[in-house]
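Data block below; observations after.
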Amino acid sequence: MSGLTFGVIVFPGSNCSRDVAYVTRDRLGCETRMVWHRETDISDLDVIVIPGGFSYGDYLRCGAIAQFSPVMRSVIDHANSGKPVLGICNGFQILTEVGLLPGALIRNRDLHFICETVSLTIERRDLFWTRGYAATSGAISVPIAHGEGRYFADTDQLKQIEDNNQVVFRYCDPSGAVTPESNPNGSLDNIAGICNASGNVVGMMPHPERASDRALGSEDGLAMFAEALTVMA
């Protein structure tokens, strides 16, 4: 086992927590602890992942109730200390709700749930979460599964995000071209994932944990976690 310890936050309704743990614990051999949402002490953890799912049944709006769980105060402190945090799908929504990431995730353009594999460009390869893609050329393929994944920010926010180079992933076609046709949900600027100004907090709607094993048809998402192992071990 590596000395690196992952924490996977579990809310009532989370359904991707064990998928993440399979990657970090079983595929990469890292110590992994499932963290119930009522816990507050995460001082033993190096890396936090907030997985996808339907926290609190997505009542009110996605992530709106989860932001008030006791563990989130500790996650905010963890992030503000410069430690790595990754929010996937519902986890991305929660990170915007607590203010760790700018903007919001709203209803998909066509107002229906989307479950398919999409292509992504990697806009930042210098972050804790993306250095594993340094040698990757072209687009990667990663599944999405969401009803409220349309990234939105006001004009000033969006300009700041773009000017600060905070876009991490964009939806594209298989050749890597970012086009309106390759945008599955209407996200502004084809944004599929962003980071905070410091780069240690990343949120993304696609599910890299679902593309981290050949048995699932793709390992394109594995580098999100494997580089964390290389850096922190």
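The values are calculated or read from the model by the stated rules, or taken from the named source; none is laboratory data. Keep in mind that what you see is a predicted model, and the values were worked out from it rather than measured. As a convention, Cβ positions derive from the backbone with ideal geometry for all residues, glycine included, and neighbour counts pool all protein chains shown.
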*Can you pull out the strands (runs of 3 or more DSSP E) entirely within segment 44-106 that have at least 2 residues that are modelled with pLDDT of 90 or more and surrounded by fewer than 22 Cβ atoms within 10 Å (Cβ to Cβ)?*
104-106
*Looking at segment 167-189, which of its residues are surrounded by fewer than 20 Cβ atoms within 10 Å (Cβ to Cβ) and either touching a Gly at 6+ places or on another chain (Cβ under 8 Å) or within 19 Å of residue 148 (Cα to Cα) (or both)?*
175, 176, 180, 181, 186, 188, 189
_I'm trying to understand the selection: among the residues of segment 116-145, which are out of contact with any strand residue (DSSP E or B) (no Cβ under 6 Å at 6 or more places or on another chain) and free of Cβ contacts under 8 Å to residues at least 60 places away in the same chain?_
122, 125, 134, 135, 137, 138
_All but one of (1) over 25 Å from residue 20 (Cα atoms); (2) hydrophobic (A, V, I, L, M, F, W, C); (3) surrounded by fewer than 22 Cβ atoms within 10 Å (Cβ to Cβ) hold for residue 161; state the number of the condition that does not hold._
(3)
*Which numbered condition residue 115 misses (of (1) under 13 Å from the mean Cα position of the chain (by Cα); (2) assigned to a strand (DSSP E or B))*: (1)
*For residue 165, all conditions in the list (1) over 20 Å from residue 85 (Cα atoms); (2) modelled with pLDDT of 95 or more; (3) assigned to a loop (DSSP other than H, G, I, E, B) hold save one; what is the number of the exception?*
(1)
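Quick check on residue 215: is it farther than 19 Å from residue 131 by Cα, in contact with a Pro (Cβ under 9 Å, 6 or more places away or on another chain) and surrounded by fewer than 23 Cβ atoms within 10 Å (Cβ to Cβ)? Spell out the reasoning first.
Details: farther than 19 Å from residue 131 by Cα: yes; in contact with a Pro (Cβ under 9 Å, 6 or more places away or on another chain): no; surrounded by fewer than 23 Cβ atoms within 10 Å (Cβ to Cβ): yes.
Spelling it out, it is not the case that residue 215 is farther than 19 Å from residue 131 by Cα, in contact with a Pro (Cβ under 9 Å, 6 or more places away or on another chain) and surrounded by fewer than 23 Cβ atoms within 10 Å (Cβ to Cβ).
I'd like to check something: does segment 27-36 contain any residue that is at pLDDT below 95, farther than 25 Å from residue 143 by Cβ and assigned to a strand (DSSP E or B)?
The initial filter retains those residues of segment 27-36 that are at pLDDT below 95, namely 27-31.
Then keep just the ones that are farther than 25 Å from residue 143 by Cβ; that gives 31.
Among the residues that remain, those that are also assigned to a strand (DSSP E or B) are: 31.
Yes, that holds for at least one residue.
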*Can you name the residue in segment 1-39 that is under 16 Å from residue 128 (Cβ atoms) and among the hydroxyl-bearing types (Ser, Thr, Tyr) and, of all such residues, is farthest from the chain's Cα centre (by Cα)?*
2
*Which one of 192, 226 is crowded, with 22+ Cβ neighbours inside 10 Å, under 17 Å from the mean Cα position of the chain (by Cα) and either part of a strand (DSSP E or B) or at pLDDT below 95 (or both)?*
192
